[in-house]
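Please treat every number below as a calculation from the coordinates, not as lab data. Bear in mind that the values here come from a model prediction, so they are computed numbers and not experimental data. Reconstructed Cβ throughout: ideal geometry from the backbone, glycine too, with neighbour counts over all protein chains shown.
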Amino acid sequence: MGNELGDLFYSQRMKMVEDQILKRGAVSSKVVKAFLNVPRHYFVPSDIRKMAYEDSPLPIGLDQTISQPYIVALMTEFLEVKKNHKVLEVGTGSGYQTAILNELSKSIYSVEIREAFSMKVQTLFDKMDIKGVQFKVGDGSHGWKEEAPFDRIIVTAAPKKVPEELLKQLAPSGKMIIPLGGDFQNLFLFEKNSKSELTQKLLLPVVFVPMVQGQIYTR
């Protein structure tokens, strides 16, 4: 993305990975590499860029946030994304999680209900020369039926219950990670075996913005 900032934040990024991610548990080397490669400060508003590597979520406008780095790392780790996986992301948001996923797979499909967010991320990715991501403006609870099935699905906003359409679009031997709940939320991992039998695992309590369903927000 040009050289206007160079990589002045690289030392902060290294410290973030060391203190916020590695010290909290085992993370694969490929996830660590992804976090070192992706400059998080590009994905936050310029007026709070100096806070980009802090151990907390940050506002990105329209009552939405970029998630805490540790939570992004944890969700990414649980998904176990491989290069040949077709990945659906529900909630493009800032595009940070999208960019992390793109480091691990070159087949990413990202759905966002707010057109302004999707357009902003597409412009940013063009500037950063990030390839391999397909974008769609739409209700993420419906998934991306035309491109299904997906080997991995990640949901970055919390519905009160699991959207059935997302489970249908998960491929055999696939995994989906999703926060569920209202005022109190938990992160769940859903897995399909080779016979498409579904299991779920409770991971940990989390706080995400609610999933917006229905009306598409256009400019």
For this session: When a/c is below 1.5 the answer is rounded, else prolate if a/b is larger than b/c, else oblate, so apply that to segment 117-219 with a ≥ b ≥ c taken from the square roots of the Cα gyration tensor eigenvalues.
Result: oblate
Exercise. What are the residues whose amide H is under 5 Å from the amide H of Phe150, where those residues sit 5 or more places off or on another chain and H is modelled from the backbone?
Worked result: Leu170, Ala171
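Once you have a ≥ b ≥ c as the square roots of the Cα gyration tensor eigenvalues for segment 105-154, tell me rounded if a/c is under 1.5, and otherwise prolate or oblate according to whether a/b is larger than b/c.
Oblate shape, in that a/c is at least 1.5 and b/c is the bigger or equal ratio.
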For this session: Return a whole-number percent for the relative contact order of segment 10-206, with Cα pairs under 8 Å and 6 or more residues apart as the contact set.
Result: 14
Problem set entry | Of the GluC sites (Glu not before Pro) in segment 137-216, those whose Cβ has at most 11 other Cβ within 10 Å and which sit in DSSP loop | Glu197
For this session: Rank these for me by crowding, Ile60, Ile48, going from fewest to most other beta carbons within 10 Å.
Result: Ile48, Ile60
For this session: Kindly provide the helix-only [θ] at 222 nm of the chain, computed as the sum of -39,500 (n - 2.57) over DSSP H runs of four or more divided by all residues, to the nearest 500 deg cm²/dmol?
Result: -7500 deg cm²/dmol
For this session: Mind telling me which of Val17, Val44, Val206 comes out most flexible in a GNM of the chain, alpha-carbon contacts under 10 Å?
Result: Val206
Seminar exercise, completed: Here, the chain modelled as identical Cα point scatterers in vacuum has Debye log10 I(q)/I(0) at q = 0.11, 0.12 Å⁻¹ of -0.49, -0.59
Exercise. Using a Gaussian network model of the chain with C-alpha springs under 10 Å, which one of Leu22, Leu167, Leu62 is most mobile by mean-square fluctuation?
Worked result: Leu62
Exercise. What's the center-to-center distance, using Cα atoms, between segment 166-219 and segment 6-35 in Å?
Worked result: 26
Problem set entry | Nearest-0.05 FRET efficiency for Arg24 and Ser46, computed from C-beta distance (R0 25 Å) | 0.30
For this session: Please give the length that would be gained between Asn37 and Glu164 if that part of the chain were fully extended, namely 0.36 nm times their separation in residues minus their C-alpha to C-alpha distance (nm, one decimal).
Result: 42.3 nm
For this session: Per residue of segment 114-123, in order, report the coupling 6.51 cos²θ - 1.76 cosθ + 1.60 (Karplus, θ = phi - 60°) as ³J(HN,Hα) in whole Hz, putting x for Gly and Pro.
Result: 9, 4, 4, 5, 4, 5, 5, 5, 4, 5
For this session: Using only the Cα atoms of segment 1-111, build the gyration tensor, take square roots of its eigenvalues as a ≥ b ≥ c, and label the shape rounded, prolate or oblate: rounded if a/c is under 1.5, else prolate if a/b is larger than b/c, else oblate.
Result: rounded
For this session: Could you please rank Leu204, Leu189, placing first whichever residue has the fewest other Cβ atoms within 10 Å of its Cβ?
Result: Leu204, Leu189
Exercise. Tell me, what is the percent relative contact order of segment 36-115, built from C-alpha pairs under 8 Å that lie six or more residues apart?
Worked result: 25
Problem set entry | Residue-by-residue Karplus 3J(HN,Hα) for segment 126-132, coefficients 6.51, -1.76, 1.60, Hz, glycine and proline x | 4, 5, 8, 6, 8, 10, x
Problem set entry | Antiparallel bridges, percent of DSSP beta bridges restricted to segment 10-206 (to nearest 5) | 50
